[in-house]
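Everything below concerns the one structure shown next.
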Amino acid sequence: MSRAVLAVNEDRSGARALPPDVARRRLGQRREMLVLQAMSYLLGDIVLWIYAYAGTIPIAIPVTFLLCGIGLTGLFAALSESGVSNRFEDHFLTTPQSASNIVLQLGFLLVAPEIGYLFLSVMFVIFGFASLRMTSREAIILWALTGAAVAAIFLLQRTPIALPMATTAEWLAAAFSFFVTIGQCAYIGLFGSTMRKTLHQRTVELRLAYLRIEELAQTDELTGLPNRRSIVKMLDDEIARGHRGTPCSVAMIDIDWFKRINDGYGHPAGDEVLRTVANTVFANIRANDRFGRYGGEEFLLVLPDTARDEAGPIVERLRVMIAELDWKAFAIDMAVTISAGIATLAPDDSSDAILARADRALYAAKAGGRNRIATDRL
């Protein structure tokens, strides 16, 4: 791969080049998450300041906690704003963020075990957020390492990990802490529900888009009829039924002198002629008949449950309708007719075989003067 191509895929920082709208959306999502993280540290620090006011912990702990929390959030904010996060499949850097925040909580659990419940409860919130984006493997590894670290602290820590409520200030700090934690858990639930709704909506949109693409892949853009691949597939289905004893006929229909129409009246007029013929035939066939554009000015009409002697009158009626349309709406001297070749399914016929016979009959109709139908007699 050339250096020029690589330059398209990467920006100067080495981050993957993303479409501008995707990059903006991702950056906005990361900013929202980091703001929530910073707010969480601020609320937690309020609890620590209340404990410091009550004399339960030294003032250095809330100061250090705030600096560490905001500093850690600022580090990931710098990675986000610089575009480094976009180098990774998980641009949120969920696992590194979760691990670093858990390590921070464990550190303060060691330093201030007398209010250790506060740091333990925060880890539940961290895991709640992380579980929304981590893979199963990442979640299991982080859970195992965190569990091992907490178990080690429980075994080695001599000071009891407590929930002090001896004074009014301590009671207020504990109540406020639980209030904040419950609110964070509720937000996680609402955030997860929103994600599920968004994913469901996107799944519905993707399914509709897929159906639309599938429809476009089977539909002729100009006439709205089934295209060649689609109408031949319908023919194959009817041939399969016909081999079980059901008669089937096909008609290859061609607009007479269509090149003259294009040359004399212009391609827009030619397109309108194609659409008019398609709409007229489609509106006047039976519900179980199949009609599609075979290519250029040729159409294929599949007539299920129709023997040779029944197919002729059906196609003749359509020929007369086309010839009798008022084509003067397109040009004062315009006249449009069709020719058709009919073939009926024979034992062991394939789609290629019956189409070849219908095509021969069509050429016979053209050779006979056009504006007529011809039937293949095997």
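The values are calculated or read from the model by the stated rules, or taken from the named source; none is laboratory data. As the structure is a prediction and not an experimental result, all values here were calculated from the model. Here the Cβ positions follow ideal geometry from the backbone for every residue, glycine too, while neighbour counts run over all protein chains shown. Side chains included, ligands, DNA and RNA excluded: accessible areas come from the protein's heavy atoms. Shrake-Rupley method; radii C 1.70, N 1.55, O 1.52, S 1.80 Å.
Could you tell me the accessible area of Asp263 in Å² (1.4 Å probe, neighbours in place), rounded to the nearest ten?
Only protein atoms counted, so the area is about 110 Å².
Specify which residue in the list Leu208, Tyr187, Leu222 is farthest towards the positive end of the charge dipole of segment 152-232, using unit charges on the beta carbon of Lys, Arg (+1) and Asp, Glu (-1), about the Cα centre.
Selected residue: Tyr187.
Which option, [x] 21.5; [y] 27.7; [z] 20.6, is the value of Kirkwood radius over Cα pairs in Å that was calculated from these coordinates?
[y]
Which value, in debye to the nearest 20, gives the size of the charge dipole of the chain about its Cα centre, when Lys and Arg are +1 and Asp and Glu are -1 at the Cβ?
580
Using a cut-off of 17 Å between alpha-carbon atoms, which aspartates and glutamates can reach Lys366, once sequence neighbours fewer than 8 places away in the same chain are excluded?
Partners within reach: Asp254, Asp256, Glu297, Glu298, Glu316, Asp376.
Counting every Cα pair in segment 165-310, what percent are over 29 Å apart?
50
Determine how many Å³ per residue the convex hull of the Cα atoms of segment 235-378 encloses.
Here the figure is 98 Å³ per residue.
Counting pairs of alpha carbon atoms under 8 Å apart in space and at least six apart in sequence, what relative contact order in percent does segment 288-378 give?
Normalised by residue count, the contact order of segment 288-378 is 24 percent.
Which FRET efficiency value, to the nearest 0.05, do you get for Ala217 and Phe178 by plugging their Cβ-Cβ distance into 1/(1 + (r/R0)^6) with R0 = 45 Å?
Once the sixth-power term is evaluated, E becomes 0.20.
With the full set of protein chains in place, find how many percent of the accessible area of segment 183-291 is carbon and sulfur; take the probe as 1.4 Å.
Heavy-atom surface of segment 183-291 belonging to carbon and sulfur, 1.4 Å probe: 58 percent.
Roughly how many debye, to the nearest 20, is the charge dipole of segment 198-242 about its Cα centre, given +1 on each Lys and Arg Cβ, -1 on each Asp and Glu Cβ, and no other charges?
Using only the charged Cβ atoms, the result is roughly 140 debye.
What helices does the chain hold that run 27 Å or longer along their axis, going by alpha-carbon atoms, with a Kyte-Doolittle average of -0.5 or more, using DSSP H for the helix calls?
20-54, 60-81, 136-156, 168-218
Which whole-number percent of Cα pairs in segment 82-195 have a distance greater than 22 Å?
Here the long-distance tail beyond 22 Å is 43 percent of all Cα pairs in segment 82-195.
Evaluate the distance, in nm, between pseudo-label points positioned 7 Å from the Cα of Glu205 and of Asp237 along their respective Cα→Cβ axes.
So the label points at Glu205 and Asp237 sit 3.1 nm apart.
For segment 76-147, run through the GluC sites (Glu not before Pro) and keep only the ones in DSSP coil with at most 10 other Cβ atoms within 10 Å of their Cβ.
Glu89
Charges only on Cβ, +1 for Lys and Arg, -1 for Asp and Glu: so what's the dipole of segment 120-232 about the Cα centre, in debye to the nearest 20?
The dipole magnitude comes to about 160 debye.
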